[in-house]
Amino acid sequence: MARKLSYGMAINEALHQVMEKDERVFVIGEDVAKMGGDFGITQGLWAKWPKRVKDTALSEAAIVGLSCGAAICGLKPVAEMMFADFAGVAFDQIVNNAAKLGYMFQGKTSCGLTLRMPQGAGIRCAYHHSSNVEAWFLNTPGLVIVCPSTPYEAKGLLTSAIKSNNPVIFLEHKKLYNVKGEVPEDYYELPLYEAVVEREGTDVTVVATQTMLQMANEAARTLEQEGISVEIVNPRTIFPYDKETLLNSVAKTSRLVLLQEGPKVGGWAAEFSAMVTEDAFEYLSAPIKRVTSKDTPVPFAPVLEDSVMPQKDDLLASCRDLVHYG
Amino acid sequence: MPKFGLTMEEGTIDEWLVEVGQKVAKGDILAEVSTDKITNSVTSPEDGYMRKYLVEEGETVPCGEVIALMTESAEEALTESSGISEAMPEHGSTAEAVQEPSPEARTQDSPVAGEVAITPRARKLAEEQNLLYSHIKGTGLLGAITVDDLKEHGKPRPDEAVQADVAVPSTASVPESVAASGTDYVRKLSTIEKKTARTMHDSMAGTAQTTIATEADMTQLVSVYRELKDRYAQEGVRLTYTACIIKAVAMALEDHPRIRTTLIGEEQVRISNRISIGVAVDLPDDSLIVPVIRDANLLDLRSIALKLRDLTERAKNNALQYEELGDASITVSNMGNMGVTYFTPVLNPPEGALLGVGAMREQIVVNQGHMTIAPVIYLSLTYDHRIINGGPAARFLEQVVDTLQHFPEI
């Protein structure tokens with residue numbers, strides 16, 4: 001089982017295996033069929049299942065709208081937005097249809113579509129191709145928001161997402177597509193709504209996803225030399241999130257730093273912070289800190305893009321400040 | 001009944017020092033306890049009221065047995081949970097208690113680290129409001145005591161919590177003075193005084209002890225000693241003549257098992273395999289204690305000197321461990337520094353012999369018709385004639401002298 005697969009190919013393998021298993025599953029999006037996807041994630045599917053992999057016109061709204069209709073009729077669409085930023089064009093379909101249809105028919109049907117989209121910055125893709133979009137959908141009940149961080153998670157969370165009867169926004173990070181990791185060959189599912197403690201520690205909890213996990217681990221190693229023990233929690237699902245794991249970690253360390261790519265205002269870090277303060281105030285021995293991207297769109301110039309991203313120095317400083325607080 | 005040392009099995013309540021019905025604070029001395037080796041006091045583990053003694057004065061019970069019942073308030077009914085079997089000794093720690101060094105400041109903030117799991121906010125409130133909480137079973141995450149738990153179950157800390165100090169000099173209890181008649185002063189015996197009186201009487205009455213003595217030219221020893229003393233001093237080791245004598249006695253004992261033989265009852269003897277030397281230490285309050293250097297025959301002179309100094313210091317500060325008393329093969333008692341020459345030391349039961357060391361003085365020594373001046377030491381050996389005869393005793397003493405006269409330069 002020491003086989004390694006890239007994040008992108010793990011997703012590809014998940015799609016192959018799911019389509020093999022379940023004939024209700026179909027794939028739809030711009031250039032997903034003949035081209036195999038702009039990033040190559042859906043390669044090989046159209047050759048196997050030409051009737052179940054569809055290229056569309058340049059219309060995100062149509063992609064999602066069609067998928068909602070198909071879903072409530074009993075199919076399992078796996079739709080792709082070429083870039084997460086383009087989901088804005090389909091916003092109405094996502095928040096008004098995908099999110100709500102499951103509630104509207106007395107349980108007689110559900111809208112179990114999976115909406116895959118590459119998000120995230122750091123590879124010089126500029127303003128319209130670098131957004132983190134968790135926050136766009138966080139405030140819409142009915143949507144499930146999943147952020148896999150490794151090839152192992154990408155495959156296992158996607159199979160679960162497709163299987164789920166809920167509409168799942170599956171946010172892949174484009175900078176991770178080529179990162180390799182161990183991936184079991186067989187079909188497997190990872191539980192949605194469960195967080196994972198990536199690293200155990202006792203002095204401060206750092207919550208991070210996707211590319212930020214690497215920063216968190218590097219910081220943890222640095223801080224270990226200073227005698228600060230960092231616990232790293234990976235939520236995996238941004239909403240509905242695993243409160244219990246997070247609160248237990250805070251109870252253990254009494255300090256919390258939320259490391260989140262994407263703008264600070266109204267991000268998932270803000271939500272987690274408010275929840276912890278509300279439910280676990282007495283377990284805290286210091287305020288909660290958020291280390292995030294700046295509140296600006298993602299610039300094109302590399303130097304500017306790098307400065308807008310969350311900074312490791314800020315993460316280190318935050319952890320140290322909390323440990324020495326008071 | 002606390003356990004003062006790993007090998008302690010039972011203790012005797014010598015005296016209860018609080019009345020039934022009396023209010024006690026955590027750390028107050030409740031009773032005097034003695035064992036075969038050591039005396040100590042039992043202190044109260046909590047604030048509360050003494051309600052009932054379960055062990056009478058003079059009674060002996062095993063370690064861990066409940067000896068008294070205490071309650072939080074004066075009136076509440078006595079239940080099984082009132083028993084204080086976790087009573088703490090006043091000096092030293094109970095054998096099982098292993099105090100972990102307290103965690104660094106920052107981890108003490110976390111609820112899970114530290115001895116009691118409590119949320120940081122609740123801990124802060126407890127400090128601000130002077131509440132005790134270690135008795136509360138926490139209902140929070142990871143079993144932590146929450147603010148609500150504290151509000152419901154926190155107990156106000158009494159104004160003056162008396163904390164027991166580990167080392168209280170000298171005797172375990174201060175003798176009370178009893179009303180004097182006329183101009184004489186009458187007081188009660190302390191526990192250690194009572195123990196000494198019993199031991200000395202039992203020794204005299206229960207053995208057939210007698211003493212032989214000799215003098216010996218210590219020229220060689222003195223010159224070796226002087227040289228070693230300086231050398232050791234540079235390493236921070238203080239060498240004394242007593243240490244040299246202990247070494248010589250330990251070496252000689254290896255060849256004289258009869259001297260480390262003790263009578264058990266009337267039918268058996270025990271020959272001790274380990275050679276441990278008791279050293280009589282005269283305490284500032286005129287009482288006497290005998291710490292023991294274990295396996296002295298296996299230690300080099302340097303180690304003996306270090307051990308001797310350590311034990312003597314701690315004996316004077318009442319900081320000896322239970323395991324450092326008793327089970328010696330022989331005791332050495334040095335009265336030489338007080339000018340005593342010959343004396344008849346009293347055996348320390350159940351030992352079969354005791355070496356009394358007298359003064360070392362410059363004297364005229366006659367050797368084959370020639371007079372020289374040499375340092376001469378006086379040695380007195382008391383032995384139990386029930387099992388050791390004069391011959392073996394004298395031969396042992398002779399070897400001790402011989403070893404000292406040819407003291408190896410180690």
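The strands (runs of 3 or more DSSP E) falling completely within the range A:15-102 that include 2 or more residues that are of a type outside the set (D, E, K, R) and farther than 21 Å from residue A:178 by Cβ map to A:25-29, A:76-80. Filtering the range A:197-243 to residues that are in contact (Cβ under 8 Å) with a residue 60 or more places away in the chain and within 14 Å of another protein chain (Cβ to nearest Cβ) leaves A:203, A:204, A:223, A:226, A:228, A:230. Evaluate the range B:251-271: report whether one residue or more is among the small types (Gly, Ala, Ser), out of contact with any Leu (no Cβ under 6 Å at 6 or more places or on another chain), over 19 Å from residue B:382 (Cβ atoms) and surrounded by fewer than 13 Cβ atoms within 10 Å (Cβ to Cβ). Looking for residues that are among the small types (Gly, Ala, Ser), out of contact with any Leu (no Cβ under 6 Å at 6 or more places or on another chain), over 19 Å from residue B:382 (Cβ atoms) and surrounded by fewer than 13 Cβ atoms within 10 Å (Cβ to Cβ), one finds at least one in the range B:251-271, hence yes. Do you know which residues across the range A:36-53 are on the phi < 0 side of the Ramachandran plot, of a type outside the set (S, T, N, Q) and in contact with a helix residue (DSSP H, G or I) (Cβ under 9 Å, 6 or more places away or on another chain)? Passing the criteria: A:39, A:41, A:45, A:48, A:49, A:52, A:53.
Scanning the range B:324-338 for residues that are closer than 18 Å to residue B:283 by Cα and more than 13 Å from the chain's Cα centre (by Cα) yields B:331, B:332, B:333, B:334, B:335, B:336, B:337, B:338.
So for the range A:176-185 (the condition being touching a Cys at 6+ places or on another chain (Cβ under 7 Å) and buried (at least 22 other Cβ atoms within 10 Å of the Cβ)), does at least one residue qualify? The answer is no; no qualifying residue exists. Residue count for the range B:202-221, restricted to those that are within 26 Å of the chain's Cα centre (by Cα) and farther than 17 Å from residue B:396 by Cα: 6.
Taken together, the residues in the range A:143-156 that are farther than 19 Å from residue A:213 by Cα and either without any contact (Cβ under 8 Å) to a residue 60 or more places away in the chain or part of a helix (DSSP H, G or I) (or both) amount to 0. Looking at the range A:244-260, can you tell me whether even one residue there is more than 10 Å from chain B (Cβ to nearest Cβ) and over 22 Å from residue A:219 (Cβ atoms)? Taking every residue of the range A:244-260 in turn, none turns out to be more than 10 Å from chain B (Cβ to nearest Cβ) and over 22 Å from residue A:219 (Cβ atoms). Of the set (1) more than 30 Å from residue A:182 (Cβ to Cβ); (2) more than 13 Å from the chain's Cα centre (by Cα); (3) touching a residue at least 60 places away in the same chain (Cβ under 8 Å), all apply to residue A:159 but (1).
Out of the range B:1-58, which residues are farther than 29 Å from residue B:135 by Cα and of a type in the set (Val, Ile, Thr)? Within the range B:1-58, B:7, B:12, B:35, B:38, B:39 qualify. Being more than 14 Å from chain B (Cβ to nearest Cβ), surrounded by 23 or more Cβ atoms within 10 Å (Cβ to Cβ) and within 30 Å of residue A:125 (Cα to Cα) is the requirement here; does residue A:269 meet it? For residue A:269, the condition - more than 14 Å from chain B (Cβ to nearest Cβ), surrounded by 23 or more Cβ atoms within 10 Å (Cβ to Cβ) and within 30 Å of residue A:125 (Cα to Cα) - is met. Restricted to the range A:203-253, and to residues there that are among the small types (Gly, Ala, Ser) and outside any helix (DSSP H, G or I), the residue that is farthest from residue A:157 (Cα to Cα) is A:227. Scanning the range A:38-57 for residues that are within 24 Å of the chain's Cα centre (by Cα) and exposed (fewer than 15 other Cβ atoms within 10 Å of the Cβ) returns a single hit, A:40. Against the list (1) crowded, with 17+ Cβ neighbours inside 10 Å; (2) within 14 Å of chain A (Cβ to nearest Cβ); (3) at pLDDT below 80; (4) in a loop (DSSP other than H, G, I, E, B), the condition residue B:107 fails is (4). Taken residue by residue, the range A:280-298 has at least one member that is exposed (fewer than 15 other Cβ atoms within 10 Å of the Cβ), within 14 Å of another protein chain (Cβ to nearest Cβ) and in a helix (DSSP H, G or I).
Test of understanding: among B:34, B:44, which residue is buried (at least 22 other Cβ atoms within 10 Å of the Cβ) and not assigned by TED's automatic domain parsing to the domain that holds residue B:288? Result: B:44 is the single residue among B:34, B:44 that is buried (at least 22 other Cβ atoms within 10 Å of the Cβ) and not assigned by TED's automatic domain parsing to the domain that holds residue B:288. Would it be correct to say that residue B:333 is in contact with a Gly (Cβ under 7 Å, 6 or more places away or on another chain), of a type in the set (Gly, Ala, Ser), within 22 Å of residue B:203 (Cβ to Cβ) and touching a residue at least 60 places away in the same chain (Cβ under 8 Å)? Criteria not met by residue B:333. Is at least one residue of the range B:147-159 among the aliphatic types (A, V, I, L, M), outside the structural domain of residue B:62 (by TED's automatic domain parsing), in a loop (DSSP other than H, G, I, E, B) and modelled with pLDDT of 55 or more? Within the range B:147-159 (the criterion being among the aliphatic types (A, V, I, L, M), outside the structural domain of residue B:62 (by TED's automatic domain parsing), in a loop (DSSP other than H, G, I, E, B) and modelled with pLDDT of 55 or more), the answer is no, since none of the residues qualifies. Taking the listed residues A:140, A:159, the one that is assigned to a helix (DSSP H, G or I), under 28 Å from residue A:103 (Cα atoms) and either modelled with pLDDT of 95 or more or touching an Asp or Glu at 6+ places or on another chain (Cβ under 8 Å) (or both) is A:159, with no other qualifying.
For the residues A:146, A:133, the requirement of being under 23 Å from residue A:68 (Cα atoms) and buried (at least 24 other Cβ atoms within 10 Å of the Cβ) singles out A:146.
Summed over the range A:103-130, residues that are surrounded by fewer than 24 Cβ atoms within 10 Å (Cβ to Cβ), part of a loop (DSSP other than H, G, I, E, B) and among the hydrophobic types (A, V, I, L, M, F, W, C) total 4.
Residues of the range A:302-323 that are away from every other protein chain (no Cβ under 14 Å) and touching a helix residue (DSSP H, G or I) at 6+ places or on another chain (Cβ under 7 Å): A:310, A:312, A:315, A:316.
The values are calculated or read from the model by the stated rules, or taken from the named source; none is laboratory data. Computed from a prediction, not measured in an experiment: that's the story for all the values here. Cβ coordinates were reconstructed from backbone atoms using ideal geometry, including for glycine residues, and neighbour counts include every protein chain displayed.
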